[in-house]
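The values are calculated or read from the model by the stated rules, or taken from the named source; none is laboratory data. Note that the coordinates shown come from a computational prediction; the quantities given were computed from them, not determined experimentally. We place every Cβ from the backbone using ideal geometry, glycine too, and count neighbours over all the protein chains shown.
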């Protein structure tokens, strides 16, 4: 069964969005995640990393997942990320 692009985005918003929010909230409470990372930041990062593979390097995404996870870890004296986290309109614009 094939789903439309709109259905795919709805699944992301309705099912994955709340799960990602809970992960981010818990990681913030535990001090494991940078304080300037939001649920939409993590969602976009997951989407980006999961798309990184080629026929000649199908496991390429694993390298960038490790890099991203390292960058997400909270560390003392960490500079704040530039800009603001994406909002719902930003996400919609990016997914078009």
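Within this structure, residue 57 fails the test of being surrounded by 10 or more Cβ atoms within 10 Å (Cβ to Cβ) and at pLDDT 95 or above.
Identify all residues within region 37-74 that are in a loop (DSSP other than H, G, I, E, B) and in contact (Cβ under 8 Å) with a residue 12 or more places away in the chain; write none if there are none. Residues satisfying the conditions are 37, 38, 52, 74. Does at least one position in region 50-64 carry a residue that is more than 19 Å from residue 25 (Cβ to Cβ) and touching a strand residue (DSSP E or B) at 6+ places or on another chain (Cβ under 7 Å)? Yes, because at least one residue in region 50-64 is more than 19 Å from residue 25 (Cβ to Cβ) and touching a strand residue (DSSP E or B) at 6+ places or on another chain (Cβ under 7 Å).
Residues in region 29-48 that are over 20 Å from residue 82 (Cβ atoms) and surrounded by 13 or more Cβ atoms within 10 Å (Cβ to Cβ): 46, 47.
Here is the figure for region 66-87: residues that are under 20 Å from residue 31 (Cα atoms) and surrounded by 10 or more Cβ atoms within 10 Å (Cβ to Cβ) total 11. Can you tell me which residues in region 1-17 are part of a helix (DSSP H, G or I) and either in contact with a helix residue (DSSP H, G or I) (Cβ under 9 Å, 6 or more places away or on another chain) or within 19 Å of residue 83 (Cβ to Cβ) (or both)? Across region 1-17, the qualifying residues are 9, 12, 13, 16, 17.
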